[in-house]
Every structure is written in structure tokens, then in C-alpha cells.
Amino acid sequence: MDENYICITAEESGERIDALLARTLPSLSRSQVQKLLEQGMVTLNGRELKKNFRCSAGEGYEVILPEPAELPLIPQNIPLDVVYEDEDLIVVNKARGLVVHPAPGHPDGTLVNALLWHCGNSLSGIGGQRRPGIVHRIDKDTSGLLIVAKNDFAHQGLSAQLADHSLCREYEALVRGNFKQDSGTVDKPIGRHPIDRKRMAVTEKNAKPAVTHWQLLASYRGYSHILCRLETGRTHQIRVHMASIGHPLLGDFTYGAPSPEKGLEGQCLHARRLRFVHPRTGEHILLETDLPAYFMDVLARLGPKI
């Protein structure tokens, strides 16, 4: 089957076809789905469908997706805080607000553009044209350590450690509310939100296992400073998991407060430590970075510990 040709089955009756496809194809907006329908790219048993077509449970709809438009990546002289670097990999301390790789709305000015300037052509091609060398990602408003592979050998070795959970990632976060316990584990599957395609959610539908271990570092009146260790690496995992237990991250508009808190417009989350085995030398490497200024400023505003 052509890689741009997919089949989607309706699970419930009565839903509009454009809504179904926008919900199940997170890479496309509803308006983009409607354009596909107008172009005759969505069919049922060979019959082209209109955007207001109502689905029936069990029907399979054939969708031809457009070829993705690849934009050339331009090296850009964006300052990088390099924590570790050798011929195989580079670890950077990503600044808050820096997008990792080009995406809709962020065609350049990303970490990838900066890496291309810094590393030249020595980045693994496994991540594809838009994500060269990127082994794992962190959100735009999350700061901290991120590892990038300079060649395919290193990329494969680091990806294997991600898969078997031996590449350890520890984050520090500020969350709303106070805990009754000093530590705990959130073991809840995460998948795309059933209604809002830009969000993730704890759900059993089209979800993957997700495990976050957390430890209390300090308590303030109405807030807590915690350490989170990821056992898995789902999109927005810490943000979704902590919100699911009633402790959304401070400043997180998507999963927490509807307005700025303590001067923050974005989650207070920092990737503090990385532990991994060097894919070529076998050396055990531990890297750590200080809490950034924005994080320390918020801590100062929280008042005395309790």
C-alpha cells in the first residue's frame, strides 16, 4: 500500500467525516481535511465524500494524504549552551522558548537550525530532513538537557537506550497544590485528546503506556517543587500526568491555569539530568545543569518553605 494511502474505520455512527478525520489524523487541521474532501481524496467504496457526510460504525474510509512539503533547513547562528560534545553526540542545555525542530508556525529559528550552524553536516540522518540528529524532544517552554546524535551509529545506540528505559531523564518542576506523600508513581496511558487534537490526555483509546516517577523536593504554600523521572517518553508526559492527579504544572496554560501565574506564561519544567551509556565507548555519563534563572525567580516568589 502507498505510504500516503490510509484507511480509517468509524467506531460510532453519526459523526461528520471531516470531524472524524481531523480527530484521528493529528497532523491535519479540520480545514485541511475539508480540502482533501473537496479534492476527492476521501472515499467510501470508491465514492467521493462531502465534508458533511455522516459516518456509520464499521465503515472504512480511504484517505490519500498529500505529500509533505519539505522546506530547506537553513543553518542559523543561534547561541547554544553546549554541556557535552564529542565526535558522536552533543548535549545542549536548551533555552526556554526555543523550539526543537521546524514545524508549522516555526519554519526556522529552532534548535535544529542552530545545530546545523554549530555541527555542519555531522548530524544523524535518522530523524529525517526536519529532525536531523534529534533523539528525543522537549517542549518549547521546557528548558534543559537534550541529547543529539552526530551519526547514525550513535543515534541507533541512544534510541535503543530510550526504548529499554536505560537512558535516564530527570526533570524538576513546580506544580500547584501540596502532596500528602513524599513520592509516588503515575502509571496511566497517554494518547491524543479525543476532542482537542493539540492536546494529549490520559485515555485508554489509541494510547501508549506512560510511567512517571515523582519525588517531593520542597513544599510551599499552595505549591510544590518536585523531581520527575521518566520511565517512558510520551508527548507532554509530565504535564499530562501531573494534571491528571490534580497537580498541574505552574504556568501550564494547556493543562493547568487559564491565566499567567507568578509571572509565568508556560510550564515551569526543566530537564535537569541525563544519564546514559556512551554508544561507542561504553562509558557511563551523567550530566547535570543548574536550574535556570526563570525557575529560580519563581521559587523566590513562592515565599518560605513549609
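One table, with the values for the structure above:
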item	result
Residue order for R176, R169 - accessible surface, 1.4 angstrom probe, largest first	R176, R169
Exposure rank, largest accessible area first [E87, E62, E261, E48; 1.4 Å]	E87, E48, E62, E261
Surface per residue (accessible, 1.4 Å probe) for the chain, Å²	51
Förster-model FRET efficiency, 25 Å R0, Y220 and W117, C-beta, rounded to 0.05	0.05
Cα-centred dipole magnitude for region 85-167, charges only on beta-carbon of K, R (+1) and D, E (-1), debye, nearest 20	320
Only Lys, Arg (+1) and Asp, Glu (-1) charged, at Cβ; region 217-306 dipole about Cα centre in debye	180
Region 128-181 - convex hull of the alpha-carbon atoms, volume per residue in Å³	111
Spatially proximal lysines relative to K198 (Cα-Cα < 24 Å; intrachain offsets below 8 disregarded)	K35, K51, K94, K140, K188, K208
Cβ-placed point charges (K, R +1; D, E -1), dipole of the chain about Cα centre in debye, nearest 20	1000
Percent accessible area from carbon and sulfur atoms, region 198-238, protein chains only, probe 1.4 Å	44
Nearest-10 value in Å² for the accessible area of L286, using the 1.4 Å probe	100
Heavy atoms of I74: accessible area, 1.4 Å probe, square angstrom to 10	100
Accessible-area order (highest first, 1.4 angstrom probe) of the listed residues L217, L89	L217, L89
Selected from I8, N77, T185, residue furthest toward positive end of dipole (the chain; charges at beta carbon)	T185
Structure-based [θ]222 nm, the chain - -39500 (n - 2.57) summed over DSSP H runs of at least 4, per residue, nearest 500	-5000 deg cm²/dmol
Max mean-square fluctuation residue, GNM over the chain, Cα-Cα springs under 10 Å, options G105, G177, G266	G105
Most positive-pole-ward Cα, A218, L44, G282, against dipole of the chain from beta carbon charges	A218
Amide H within-cut-off set for I190, under 5 Å, with H built and near neighbours excluded	T203, K208, A210
Whole-percent carbon and sulfur share, accessible surface of region 55-172, 1.4 Å	52
Structure-derived Kirkwood radius over Cα pairs in Å: which label, when the choices are (i) 20.8; (ii) 21.4; (iii) 19.5	(ii)
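The values are calculated or read from the model by the stated rules, or taken from the named source; none is laboratory data. Fair warning: this is a prediction, and the values are worked out from it, not measured in the lab. As a convention, Cβ positions derive from the backbone with ideal geometry for all residues, glycine included, and neighbour counts pool all protein chains shown. Surface areas here come from the heavy atoms of the whole protein model, side chains and all, with no ligands, DNA or RNA. Shrake-Rupley method; radii C 1.70, N 1.55, O 1.52, S 1.80 Å.
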